[in-house]
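Written out below as C-alpha cells is the structure these notes cover.
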Amino acid sequence: MTVVAEHLGADRYRIRVYAGTVRGKGRQKSRTFRAANQREANRAGAAIEAAIRDEIADEQAVNASRKGTVAELVDEWYAYQVDLGRSPKTLNRLPVMCNRIKAELGRTQVNKLTAKQIDNFYGTLRKTTTNRKKPMSESTIHHHHRVLRSILRQGEKWDMVDRSPHSKVNVPDGRTAEIAPPSDVDLERLLAALPAHVLLPIMVDARSGLRRGELFGLRWIDVAPGELHVRNNTIQVGSVLHDKEPKGKRARKIPIPVVLDSALGAHREHLERTAEALGVELAPNARVFADMEADPTGVVPMKPDWLSQYWARHCAKHGVKVRVHDLRHWCATRLIADGVPIPVVQAMLGHAQPSTTMNIYVHAVSGSEELVRKSLGR
C-alpha cells in the first residue's frame, strides 16, 4: 500500500491510502480531517492511516473469499463459450474435459490453486482409461491442459485469479503420432471391394483431400467442370447436423481429375432420376451426397458418421486400419511425392500457412530429397 499525506490549506488535511504498489494503481481510500498544526496532524493522520489499512485488508479478505471455486469458474467459462457462439462440435466435446477438471480440482478456491495440484491432476489423467480400456494418451491430456489454461486465463481477466499457476506446470506432450497414410496397394484393394454408393464419396475424399465435413457440405452449386468449390462444412453432433464455414473460415477451389468429373456427372443424373421418380426435382441447393430417403429434393445430406462407420467396418473386414481422415493424408502425401509445390498443396488442403503443410507431412517432404538430387545432378 502507498500512503500520501496532503495539507489542503489552513487547518484541513487529507490522508490517501492506495491499495496497490504503485501510486494511482488500484483502489484508493481517503479521509479528510482538521488539525491545529502539523504535529497534531501527524498524530491524527497516523491513527487514520491505520484505520484505513484495516478497512482495505478486510475488503481484500472478503474479495478473496468471493473468488469462488475452480468448479464455479469452469461453469462460468463454459457458459461464456456458449455466449461466444463456439461451434456445436466444440461445445459437445468440452463438457467431458470440464467435468474431469471439476472432479479433481473443483472444490479448490481459484486463488489458492497451485501448479502442483494441476500436475497431480495430469497424473490422475494418465491413470485414466478411455472407453476402449486404453490409457489416456498424452495428446488427450494436453487437450485438457489447453482447456484448463484457457479457463484460468479467463479467470485472470475476470479478476477471479490474481495470478494463474498454469505457467509453472509441466506441460503434457501434445505431439501427435506421425502421419501414416494407407499404401497405394491397400487403398486400391479397399476401393475395389466397395459398393458404388460408398465408392464415390471415398474416391472424392481421396482425390480431393477434403475434410469429412467439407465432403458432406458439398452442394451441386459447388461443383464446376474440373473443380470443387469448398465453402461449407457439415458437422454431426450426436444425431444433429450443423452447417458452418470451412475450418479457418477460408473458402477455396480444388482442381479434380477427369475421372471424378465423370463420376460426379453420372451420380447427379442418378439423383435426378430418383427425384423424378418420386415426382419432384432436385433443389437448387441439393447436396452432392444427399439422403434421398429423408428428402427426395436432395437438400438433406447423408450423415458424416455413416461414412466413417461403414468405412471402418469395411477396412476391418479386409484387415487394414485406415480412417476416413487418412484419405486426406494419402492425397497430400501423393501430391507432394509427385512434386506438386508445397504452397499449391497448402491451398488445396485449406491450411493457413505452408509451414503447417510441411510440419504435418514432413515425411513426404523428406521423401522428395531424391528428386532434388536428380534435378541438381543434371
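The single condition among (1) at pLDDT 90 or above; (2) surrounded by 14 or more Cβ atoms within 10 Å (Cβ to Cβ); (3) among the aliphatic types (A, V, I, L, M) that A294 does not satisfy is (2). Looking only at region 109-123, residues that are open to solvent by 30 Å² or more (accessible area, probe 1.4 Å) and either among the basic types (K, R) or not in a helix (DSSP H, G or I) (or both) come to 4 in all. Among the conditions (1) over 24 Å from A332 (Cα atoms); (2) buried (at least 17 other Cβ atoms within 10 Å of the Cβ), I202 misses just one, which is (1). Taking the listed residues N233, N285, the one that is modelled with pLDDT of 90 or more and either buried (at least 18 other Cβ atoms within 10 Å of the Cβ) or of a type in the set (S, T, Y) (or both) is N233, with no other qualifying. Checking each residue of region 346-361 against the condition of being under 18 Å from P182 (Cα atoms), modelled with pLDDT under 85 and not polar (S, T, N, Q) gives at least one match.
Of the candidates V147, V204, the single residue that is part of a helix (DSSP H, G or I), free of Cβ contacts under 8 Å to residues at least 60 places away in the same chain and not charged (D, E, K, R) is V147.
For (1) of a type in the set (V, I, T); (2) over 22 Å from D58 (Cβ atoms); (3) at pLDDT 85 or above, each residue gets a yes or a no:
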{"position": "T2", "(1), (2), (3)": "yes, no, no"}
{"position": "A5", "(1), (2), (3)": "no, yes, no"}
{"position": "D11", "(1), (2), (3)": "no, yes, yes"}
{"position": "Y18", "(1), (2), (3)": "no, no, no"}
{"position": "T21", "(1), (2), (3)": "yes, no, no"}
{"position": "G26", "(1), (2), (3)": "no, no, no"}
{"position": "T32", "(1), (2), (3)": "yes, no, yes"}
{"position": "A36", "(1), (2), (3)": "no, yes, yes"}
{"position": "N42", "(1), (2), (3)": "no, yes, yes"}
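Could you tell me whether any residue of region 130-139 is closer than 26 Å to F216 by Cβ, part of a helix (DSSP H, G or I), over 17 Å from the mean Cα position of the chain (by Cα) and without any contact (Cβ under 8 Å) to a residue 12 or more places away in the chain? Within region 130-139 (the criterion being closer than 26 Å to F216 by Cβ, part of a helix (DSSP H, G or I), over 17 Å from the mean Cα position of the chain (by Cα) and without any contact (Cβ under 8 Å) to a residue 12 or more places away in the chain), the answer is no, since none of the residues qualifies.
Within this structure, G339 fails the test of being on the phi > 0 side of the Ramachandran plot, buried (at least 16 other Cβ atoms within 10 Å of the Cβ) and assigned to a loop (DSSP other than H, G, I, E, B).
Take the conditions in contact with an Asp or Glu (Cβ under 8 Å, 6 or more places away or on another chain) and among the polar types (S, T, N, Q) and apply them to S150. Does it pass? Don't jump to the end; show me each part of the working.
On the way: in contact with an Asp or Glu (Cβ under 8 Å, 6 or more places away or on another chain): no; among the polar types (S, T, N, Q): yes.
No, not satisfied.
When region 303-314 is filtered for residues that are at pLDDT 95 or above and either in a loop (DSSP other than H, G, I, E, B) or buried (at least 21 other Cβ atoms within 10 Å of the Cβ) (or both), only W311 remains. One residue stands out in region 151-199 among those that are among the acidic types (D, E) and in a helix (DSSP H, G or I): the one that is modelled with the lowest pLDDT, namely E156. C331 meets all of the listed conditions (1) within 18 Å of G213 (Cβ to Cβ); (2) open to solvent by 40 Å² or more (accessible area, probe 1.4 Å); (3) not acidic (D, E) but one, namely (2).
Checking each residue in region 174-199 for being open to solvent by 40 Å² or more (accessible area, probe 1.4 Å) and under 24 Å from V237 (Cβ atoms) picks out only T176. Within region 76-89, residues that are within 19 Å of E156 (Cα to Cα) and in a helix (DSSP H, G or I) have Cβ atoms under 8 Å from residues that are among the small types (G, A, S) and at pLDDT 90 or above in these pairs: W77/S150; W77/G155, counting only partners at least 6 apart in sequence or on another chain.
Which of the residues spanning region 243-271 are over 29 Å from V344 (Cα atoms) and surrounded by fewer than 15 Cβ atoms within 10 Å (Cβ to Cβ)? Listed by number, the residues that qualify are E269, H270.
Every condition in (1) under 30 Å from R328 (Cα atoms); (2) open to solvent by 100 Å² or more (accessible area, probe 1.4 Å); (3) at pLDDT 90 or above holds for K134 except the one numbered (3). For region 150-164, name all the residues that are open to solvent by 80 Å² or more (accessible area, probe 1.4 Å) and free of Cβ contacts under 8 Å to residues at least 40 places away in the same chain. Across region 150-164, the qualifying residues are R153, K157, D159, R163.
Return the total of residues in region 315-328 being in contact with a helix residue (DSSP H, G or I) (Cβ under 8 Å, 6 or more places away or on another chain) and either under 30 Å from T356 (Cβ atoms) or surrounded by 22 or more Cβ atoms within 10 Å (Cβ to Cβ) (or both). Residues flagged as in contact with a helix residue (DSSP H, G or I) (Cβ under 8 Å, 6 or more places away or on another chain) and either under 30 Å from T356 (Cβ atoms) or surrounded by 22 or more Cβ atoms within 10 Å (Cβ to Cβ) (or both) within region 315-328 amount to 9.
The values are calculated or read from the model by the stated rules, or taken from the named source; none is laboratory data. This structure is a prediction, so every number in the text was calculated from the model and none was measured. When we count neighbours, we look across all protein chains shown, and the Cβ atoms used for this are built from the backbone with ideal geometry, even at glycine. Note: areas computed on protein heavy atoms with side chains; ligands, DNA, RNA excluded. Shrake-Rupley method; radii C 1.70, N 1.55, O 1.52, S 1.80 Å.
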